[in-house]
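The block underneath contains the structure these notes are about, expressed in structure tokens.
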Amino acid sequence: MTDSALLYSFRRCPYAMRARMALICCQLSIRVREVALKDKPAELLALNPKGTVPVLVSGDTLLTESLDIMLWATEQSSLPAAAALKQQVPASLALITANDEGFKPWLDKYKYFDRHPQFDQNYYRDNACEFIADLENRLSHSTMLLGEAVSLADLAIFPFVRQFAGVEPGWLAARYPNVARWLDSHLASKAFSACMYKYPLYQLQGDTLPLVLAQE
């Protein structure tokens with residue numbers, strides 16, 4: 001069923017990244033169309049007038065939100081990795097909401113502080129760190145955010161923490177070692193390597209998403 005599924009994506013977008021990670025961890029064969037957000041194809045805009053990615057099309061199913069794609073991926077796969085991702089979904093969604101609605105706005109201001117001259121960069125970073133501090137506490141008790149197994153929360157949140165860590169390289173690791181260790185484990189995974197495969201820009205046939213095991 002997934003052989004005909006099509007994902008519109010943008011490699012560096014953290015929302016598209018989290019969707020690709022779930023699809024890869026569930027080992028679903030998906031055709032990928034890498035789009036240029038400055039030159040969005042008409043097909044994408046017809047499916048999603050907002051013009052945002054990711055967008056997944058599979059038969060009569062049209063999904064335009066990354067979390068919906070992640071949940072869809074877990075329902076399409078019978079693999080143990082997919083079953084693991086289905087555990088603690090309410091807790092995952094609560095933590096993801098805190099990331100998306102609380103952390104992400106501060107992250108954007110921290111990254112682009114020059115566009116928000118009301119305060120300096122440190123102010124935005126300190127506010128973003130309220131969420132980072134919560135992750136640090138969680139990761140002082142377990143390998144992943146909700147225990148020892150990778151959850152939807154881990155896959156959905158680490159792309160944004162990756163952006164945070166990239167603003168001032170070395171700053172995160174010096175102050176939040178558990179978060180840095182957790183982030184590094186995801187960045188070193190085979191799944192992330194496949195996730196960051198450089199597809200050519202949108203082609204008529206699309207390309208096939210690389211498949212890797214969720215557990216190494």
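The values are calculated or read from the model by the stated rules, or taken from the named source; none is laboratory data. What you are looking at is a predicted structure, and each value in this text was computed from that prediction instead of being measured. Here the Cβ is made from the backbone with ideal geometry for all residues, glycine too, and neighbour counts use every protein chain on show.
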Answer with yes or no whether GLN163 is assigned to a loop (DSSP other than H, G, I, E, B), in contact (Cβ under 8 Å) with a residue 40 or more places away in the chain and surrounded by fewer than 22 Cβ atoms within 10 Å (Cβ to Cβ). no
Could you please let me know if ASP134 is at pLDDT 95 or above, out of contact with any Leu (no Cβ under 7 Å at 6 or more places or on another chain) and assigned to a helix (DSSP H, G or I)? yes
If we take region 15-81, then strands (runs of 3 or more DSSP E) inside it with 3 or more residues that are outside the structural domain of PHE103 (by TED's automatic domain parsing) and farther than 15 Å from ALA156 by Cβ are 31-34, 55-58
Subset tally (residues that are part of a helix (DSSP H, G or I) and either free of Cβ contacts under 8 Å to residues at least 60 places away in the same chain or out of contact with any helix residue (DSSP H, G or I) (no Cβ under 9 Å at 6 or more places or on another chain) (or both)) for region 137-157: 4
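Okay, residues lined up against (1) polar (S, T, N, Q); (2) in contact with a Lys or Arg (Cβ under 8 Å, 6 or more places away or on another chain); (3) over 30 Å from PHE131 (Cβ atoms):
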residue: CYS26; (1), (2), (3): no, no, no
residue: ASN48; (1), (2), (3): yes, no, no
residue: GLY51; (1), (2), (3): no, yes, no
residue: THR64; (1), (2), (3): yes, yes, no
residue: GLN76; (1), (2), (3): yes, no, yes
residue: ILE96; (1), (2), (3): no, no, no
What single numbered condition from (1) touching a residue at least 60 places away in the same chain (Cβ under 8 Å); (2) part of a loop (DSSP other than H, G, I, E, B); (3) among the hydrophobic types (A, V, I, L, M, F, W, C) fails to hold for PHE119? (1)
Out of ALA156, ALA128, ALA214, sole residue that is within 20 Å of ILE96 (Cβ to Cβ), crowded, with 21+ Cβ neighbours inside 10 Å and modelled with pLDDT under 95: ALA214
Single match in ALA194, ALA174 (criterion: part of a helix (DSSP H, G or I), under 17 Å from SER9 (Cβ atoms) and aliphatic (A, V, I, L, M)): ALA194
So how many residues does region 84-103 have that are in contact with a Phe, Trp or Tyr (Cβ under 8 Å, 6 or more places away or on another chain) and either crowded, with 18+ Cβ neighbours inside 10 Å or outside any helix (DSSP H, G or I) (or both)? 2
Given the criteria in contact with a helix residue (DSSP H, G or I) (Cβ under 8 Å, 6 or more places away or on another chain) and of a type in the set (D, E, K, R), does ASP114 qualify? no
Residue satisfying condition, being more than 23 Å from SER189 (Cα to Cα) and without any contact (Cβ under 8 Å) to a residue 12 or more places away in the chain, within set LYS50, LYS40: LYS40
